[in-house]
Structure formats: structure tokens, C-alpha cells
Amino acid sequence: MNFKHIILVFSLLSASGAFAEPTVVNTAVNATVVEENETKEGDANTTALDMAKINPLLLQKETLEKELGDNNIWSKIYSNYHIYQELEKQKDAIEATISRLEKLKKRTKEQEEELESARNTHITILGKLQLLHEYEKDPFKKFLTPPVIDEVPNVESPFSVISAVSYREKLQSDMNEYNSRFDSLRSIMEKLREKQVILNELLILDPLNEAYRKELIEVEDQIKTFIPVMEIFKTTQNVYSKKIDEIELDLKNSIKKEMERTMVIGAIILLFLFLLFFIKHFVKKYMSEDERFYAINKALNISFVTILILTLLLAYIENVSYLVTILGFASAGIAIAMKDWFMSLMGWATIVLGGAIHVGDRVRFVREGVEYVGDIVDISMLRMTMHEDINLTSYMTNRRAGRMIFIPNNFIFTDMIANYSHAGLKTVWDGIDFVITFDSDAQKATLIAKEITKKYSKGYTDITRKQLNKLRSKYGMRNTNVEPRIFTHIEPYGLKISAWYLTNSYATMTLRSTISIEIISRIQAEEGIHLAFPTQSIYMDKDVPKPVPNLEEMPPEGTSL
């Protein structure tokens, strides 16, 4: 057998083997397909059976996701933080692409377009990162930081109690708001753990579902992120709560202490007020003189106000010497800037302590040539109030009365003030003048004037005599004659008789009118007495006699006959 025959035989054998092998392979393939079909049928049956468990879990997961998404600031912060992290990764990838493309010396058109697109994307990503910059590091810091505790107010007066109560309410409101943050974070953690459990159960029922697996990884990542946040929040809340409790306890004690002090001060003031009304009632009941009652009432009011001010100063000013020092330095400036007020206060002290003027006194006050006569109705720390009455001054000079005149107290140092009723004196000297002719009986006219004035002024004369005797121990009084006085003077056109008598200082016009009418009536009834008044002679159709002038008998200059 030659070599060709051998090769032929080998080829035939190989061909028969090749035709026999596919039969075996096809058999194996058919067996595999049958097995896979049986497996799929078994899995389908299993899935159909587990859907009854999966659907409720899906409903629970959907409910949790809705709760996690509705008005949940923590989820939104985490979402922004997660977006920022993803943008950081995209930025790094884009920067790597740009760096790779820029290193190429020669770039194709596609590479140029890719580089331009990468640069634009890089700019967009940088803009987004700029907007989310606050989520770069510690995104939860803003919500973990408790509200700032303002300066605690000092409770030193009843008014500061109101601010302290408002401060406590603000602290409580801040604490409630901070606790609500913690409660919301704790609720998020509970819901995330519930979602984690549901996803684990879903993966047990459907282990090949990659969406569940990916979602589970995201939930676990959120839980890992929130765990340290939760721990920090617990610690911060504990410290903040203790600080708030400490402040509230101090404020409570301070408010209680201040209220007790206020009640004590209020009780003291009420006691003094009760004593004030009691003394006023007692004085009013047993004091017959209205003027003295007014003075005592005024003194009681001033004393009560002084005690009240001193009580409040001693109660609410801790360092009284500091206040005295300040007032001492400020007194010089106050005296210069408020000179008139200061002098009025000094005048008030002089009036009150000196006793020169009292309420009810009739005084005469002259200012810039204008005279005012009236009764003092009030003396305050800055001024006196005078009610102008009808009197000889208003009759002869002002021609008006009834005004309220306000006299600054400092005028007692610069102006003349006459008191008509000082030290209990209720009378003043008043005079009436009338002129009789030279040929009248001057002696008889003088006796008539004295008789009438003595008749109507007798009561005032006796009162004045007694009062002057009392004043001798206080003043060096020599002339205490209180009887009516009659004076006679020669005038160019007759004898002037001036009758002076004591009268009520508050009713001079009344007695003056009565005496004037009586004097005129008596004089008119006398034949030997004639009233004189300036006259002149008129000659009609006659020559006027021209007397020979006698220098010795000529009247003085400035007089007329």
C-alpha cells in the first residue's frame, strides 16, 4: 500500500468521525434547553407565589418615601449634599478629560468638539457647585447649631420683671423649636431604618432586582451620614437644654426676689399713704384755720413725695454714693444752665423756711413799674400764684382785676414784694383826703374826721393792738399806736385834711367807701365848713382887673389858683 492509499483511508475515517459528532452535541443541547425551560417554569411559579408578600412591602416603601419627601428639611439637605458630591465627582472626571485632550498635540475634529463640550460642561458644573457651596462641608451645621442665647437681663426693678418674663418665653420658644428639629431628625432615622428593613425583605423575595439593591445602598449611605449627625445633635441638645434650664432657674429666683422686694416697698408706700390720709383727716377735723390747714397739707404732700423718692432710691440704687458723686459734679453745670430754676428752688426754700409769705397772704408785687395786688393762692417749688383782687391799686392804676398772676420764686431776691398780712396781721393803714376852704372851721372838720374813722375802725384797731403786742418779741417795733390819725396840711387852694385808720387788708375799698360817704354827709351838714376845690373866674363883658404884682405874695412856680 503506497502512501496515497494511506492518506485516502485516513481521510475517510476522519470524515466519518465528523459526521458522527454533531449527533452527540445536538442531544446535549436539547437536554440543556429542556432543563432551562423547567427552571423558568419553576421560577415563574415562585414569583407568582411571592407577589402577595412583595406588594404590601412596596406599598409600605412608597408610603415611607412620601413621608420622607414631604416638608422634610433633613432629606432636602442630604439631597443637596449628595448632589454636591456627585457634581464634585463629575467635575473631577471632566477636568481629567480636559487635561487629557489638552495634552494632545494634534486633535481630530471629533476630539476638538469633545474638548469644547467638556469645557462647557465644566463651566456649568462649576456654576452648580457655586450655588451649592454651603453643602460642601458640614451641611447640617446650620441646623445643628442651637439658637443664640442673648444677654440675660438683670432683674433690678418691677419694670425689668416684664422684660425677664418675655426673655423666658423667648428661651422656651427657642428650646421648643430646637427640640422640634431633633424630633424631625429622629423621625427621619426611624423611617430610614424601616425602609432599610423593607428593602432587605424585598431582596430576599426578589434577589435578582438590582433596583432594590441600589436603593438599599443609598438608604444605608443616608443612615451612615445621619448617625454622626444624630450623635452630635444629642450632645448639643443636652448642653443647650441644661444651659436654658440654668438661665430659667436664675431668672425665676431673680423675679421672685424682685417681686418680694416690690411687695415690701409697695406695703411701705401704702402704709405712708394711709398715714398721710389719716393725718390729713385728723388735721382737717380739728384745725379751724383754713390757712394753717393748707400749709400743713402742703407740707404733708411734700414730705410724702420726699419719703417716696428716698425709699425708691435706697431700694433700687445699689450705690447711692455713686449717684451723689455724679450729682455733685453735675450740680455746677445744672446751676449755670438752669440758673432761674435753681434760684426759684432756693427762693421756694427761703419762702417756706423763712415764713415771709404764706398761702392766703395779701401781697403787693411790682415788676417793671407795674403794680399787682392780690392774694397768694398757691406756693409751688418754682412759682407763687396770686389772684388779683379789686383794691385801690386796681381802681386807680390797673383798672382791671381778677387775673391769676404767676410770680417766680426767685423774684423775692430781685424785686420788692410787700406783704399786707404778714405774721397774722390782717389790717393795714388806709387814708382818705379832703380839702376845705381857708375860712372853714378846720378844728371842727378835724374832729368830724377823727370821730367817723374811730367809729368804723374800732374793731380793727383792737385786733391790731393785740397782734402788735405779740410781734414785739420778734421785731423791734417802737411805734405801736393804732388809733386813727388825722393830719392837716396847707394846700394852694385850701386845707387838706388826711384821715388815716386801720382797716381789713382784704376789704379796704368797702370801709373806704363807707367812711367817705359819712364824712361828706357830716361836712355838708355843717354851715361853717365848706369843701374846697380848684376854681377859676370868667369875666364876660367886663374888664379884667389887673392887680399890682407883689413878689412876696406871689405863689410858687408850678401852682395855679
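Under the condition of being part of a helix (DSSP H, G or I), under 28 Å from Met51 (Cβ atoms) and out of contact with any helix residue (DSSP H, G or I) (no Cβ under 9 Å at 6 or more places or on another chain), the residues counted in the stretch 194-238 number 6.
Taken together, the residues in the stretch 155-178 that are exposed (fewer than 14 other Cβ atoms within 10 Å of the Cβ) and among the hydroxyl-bearing types (Ser, Thr, Tyr) amount to 3. When the stretch 386-423 is filtered for residues that are surrounded by fewer than 19 Cβ atoms within 10 Å (Cβ to Cβ) and small (Gly, Ala, Ser), the ones remaining, listed by number, are Ala401, Gly402, Ala418, Ala423. For Phe438, the criteria (1) assigned to a loop (DSSP other than H, G, I, E, B); (2) open to solvent by 20 Å² or more (accessible area, probe 1.4 Å); (3) without any contact (Cβ under 8 Å) to a residue 24 or more places away in the chain hold in every case but one, which is (3). Tally time: how many residues in the stretch 285-324 are under 36 Å from the mean Cα position of the chain (by Cα), at pLDDT 70 or above and either open to solvent by 90 Å² or more (accessible area, probe 1.4 Å) or within 30 Å of Pro158 (Cα to Cα) (or both)? Count: 18. With respect to being charged (D, E, K, R) and open to solvent by 50 Å² or more (accessible area, probe 1.4 Å), Arg181 falls outside the description. The residues of the stretch 407-435 that are assigned to a strand (DSSP E or B), more than 21 Å from Asn391 (Cα to Cα) and touching a Ser or Thr at 6+ places or on another chain (Cβ under 7 Å) amount to a single one, Pro408.
Leu447 meets the conditions (1) open to solvent by less than 70 Å² (accessible area, probe 1.4 Å); (2) over 59 Å from the mean Cα position of the chain (by Cα); (3) not acidic (Asp, Glu) in every case but one. The failed one is (1).
Only one of the numbered conditions (1) at pLDDT below 60; (2) touching an Asp or Glu at 6+ places or on another chain (Cβ under 6 Å) is not met by Pro556, and that is (2). Give me the pairs, please: first residue somewhere in the stretch 143-155 and under 23 Å from Leu185 (Cα atoms), second residue anywhere and among the hydroxyl-bearing types (Ser, Thr, Tyr) and at pLDDT 80 or above, beta-carbon distance under 8 Å, and either six or more positions apart or on two chains. Here the result reads Leu144/Thr236; Thr145/Thr236; Pro146/Tyr178; Pro146/Thr236; Pro146/Tyr240; Pro147/Tyr178, each pair linking the stretch 143-155 to a residue that is among the hydroxyl-bearing types (Ser, Thr, Tyr) and at pLDDT 80 or above. Taking the criterion of being among the hydrophobic types (A, V, I, L, M, F, W, C), over 12 Å from Leu392 (Cβ atoms) and surrounded by fewer than 19 Cβ atoms within 10 Å (Cβ to Cβ), the residues of the stretch 496-517 that qualify are Trp500, Ile517. Are there any helices (runs of 4 or more DSSP H) wholly within the stretch 46-154 with 1 or more residues that are basic (Lys, Arg) and surrounded by 14 or more Cβ atoms within 10 Å (Cβ to Cβ), and if so which? Per the criteria, 73-103, 109-131.
The values are calculated or read from the model by the stated rules, or taken from the named source; none is laboratory data. Here the structure is a predicted model, which means the values were calculated and not measured. Using ideal geometry, Cβ is built from the backbone for each residue, glycine included, and neighbour counts are taken over all protein chains shown. Surface accessibility is based on the protein's heavy atoms, side chains included, excluding ligands, DNA and RNA. Shrake-Rupley method; radii C 1.70, N 1.55, O 1.52, S 1.80 Å.
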